[in-house]
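Quick notes on the structure that follows.
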Amino acid sequence: MRHELFEAFPDLESLEESALGLMNVSTRSVRIPADTVIFREGNPCENYIFMIDGSVRVEMISGRGREIVLYRVERGQTCVLTTTSLMAGTQYAAQGIAESDANAVTIPSVSFHKLMALSAGFRKFVFSAFSVRISDLLMLIEEVSFGRIDERIAQLLLDRCGQDKVVRATHQQLASELGTAREVVSRQLKEFERAQWVALRRGSIVLRNVEGLSELSR
C-alpha cells in the first residue's frame, strides 16, 4: 500500500485485509500540474480520487459564463461529484481544475465498486467523506439563496475592526452576529484570505485590504 495514502487518509489503515490487498494492487499515484482540468462537465468518471496534497477547485459554469465555486478538494479529502458519478453511473455535472501542483492516488471505477460491495470499512469511509461534502454544498446553497454572505461579512469586519485594522473575534462570534453557521463564515473568510484581503489568526482577523472589503460591502 502506498505510504502517502495512509498518511493523508489514516482511517484506511483499519480496512479489512482483503480490502487493503485490493487497494494495494489497484491504486496509482498521479501528479497533477497546476491549471490542469482534471474533469469537465459531461465527462465519464473513471477513477475515485484521494487527494494527497495540493488543491483542486470544483466549479460550475452557467450558459452565460458565470462561475460558482462549489468546493475545493485538498489534502485528506475526496470529491463528492466523483463519488456521485461513480455510484450513480452518471457523468460529471461540473469541472475540476488544479489550483496548484497536486498529488493524488486514484483507484479505477471497477475496483471502487468491488470495494463498495465487499468492504464495510470502505463503505463507511466513502459515505462519511460524502456526508461532509454534502454539508458543504448545503451551506453554499444557504449563501447563494439567503443573501450575499460575503457582503455581510465584509461589512461586519469593517464595523468591528479597530484602528489597528484587527477584528478580535472568533468565527463563531461573527456567525452569531450574522445569524448563520460558523462553517459559512469560515468558508467565506478563507476566500477573503485567498484574495489577500484578510489574514486569519487565532481569535482575530487582520484586515489587509480595507478598500476591497469596502467596495464589496457597498
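The values are calculated or read from the model by the stated rules, or taken from the named source; none is laboratory data. Keep in mind it's a predicted model, so treat the numbers as computed, not measured. Here Cβ is always computed from backbone atoms with ideal geometry, including for glycine, and neighbour counts include all displayed protein chains.
Restricted to the range 43-64, and to residues that are more than 27 Å from residue 122 (Cα to Cα) and of a type in the set (Gly, Ala, Ser), which residue is modelled with the lowest pLDDT?
So the residue we want is 63.
On the given criteria, is residue 100 among the polar types (S, T, N, Q), farther than 24 Å from residue 15 by Cβ and either in contact with a Ser or Thr (Cβ under 6 Å, 6 or more places away or on another chain) or surrounded by fewer than 16 Cβ atoms within 10 Å (Cβ to Cβ) (or both)?
Yes.
Only one of 174, 158 is outside the structural domain of residue 19 (by TED's automatic domain parsing), in a helix (DSSP H, G or I), modelled with pLDDT under 90 and surrounded by 16 or more Cβ atoms within 10 Å (Cβ to Cβ); which?
Going through 174, 158 in turn, the sole match is 174.
Here is a check on your reading of the model: is residue 184 among the aliphatic types (A, V, I, L, M) and surrounded by 15 or more Cβ atoms within 10 Å (Cβ to Cβ)?
yes
Given the residues 140, 86, which is the only one that is within 19 Å of residue 194 (Cβ to Cβ) and either among the small types (Gly, Ala, Ser) or in the same structural domain as residue 15 (by TED's automatic domain parsing) (or both)?
Of 140, 86, the one residue that is within 19 Å of residue 194 (Cβ to Cβ) and either among the small types (Gly, Ala, Ser) or in the same structural domain as residue 15 (by TED's automatic domain parsing) (or both) is 140.
Which of the residues spanning the range 191-218 are exposed (fewer than 13 other Cβ atoms within 10 Å of the Cβ) and charged (D, E, K, R)?
194, 201, 202, 211, 215, 218
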